[in-house]
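Any read-out appearing in this document is the output of simple, stated calculations on the displayed coordinates, not a laboratory observation. Nothing here was measured: the structure is a model prediction, and the numbers come from that model. Ideal geometry is used to build each Cβ from the backbone, glycine not excepted, and the neighbour counts take in all protein chains shown.
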Amino acid sequence: MNTPRLVPAPISLLFSEVAQDRETYEREYHQLSESDENALHQWLKLAKARGETAESDPVLLQLMIEMHNKIDALERFLKNEEPVRLSLISEAEIDSIGFEHFHVSQEVFSPEVEYYARVEMPVHPKRDVGIFFKALSSSLAEITKMHERDEKEWASYMTARERIQIREAREKK
């Protein structure tokens, strides 16, 4: 097996073996993606499709939507409404990531076992991402299933971490 190219990236990971309850994990996986598609996001997609946003500033429009989402989050907090998430059995710290792989700091995986995980992506806006992965070793995993939008954010985050690493290497010289 070729060793994948990984860059340092501190991310928290909650996970469980898929064999325990695949259907329930699949449901949460899809709900996490749909939670990003609230009514306002759907309205914006339709408005863009109809060409109604052609003269609008896309950055300002996105910021307004994020403000609306923050207000919704504050309202849920004040009403003490927590999003219902599955209780995942294990926890680990990702220490490095690649485009399709990640490595954890402890040896917590059983090789060749498939897992479902929830990752809090350290991007703006912060959100939970559901992934399925297969353990290649006790600490290295290959991502087998991730939503398309999440793949793009994962790749962007990995690229940003790589840039930071390059910048730090240049500063040391």
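Quick one: in region 81-108, which of the residues that are assigned to a loop (DSSP other than H, G, I, E, B) and within 20 Å of Arg5 (Cβ to Cβ) is farthest from the chain's Cα centre (by Cα)? So the residue we want is Ser105. Checking each residue in region 143-166 for being touching a residue at least 60 places away in the same chain (Cβ under 8 Å) and in a strand (DSSP E or B) picks out only Lys145. Scanning region 33-80 for residues that are surrounded by 10 or more Cβ atoms within 10 Å (Cβ to Cβ), without any contact (Cβ under 8 Å) to a residue 24 or more places away in the chain and in a loop (DSSP other than H, G, I, E, B) yields a count of 5.
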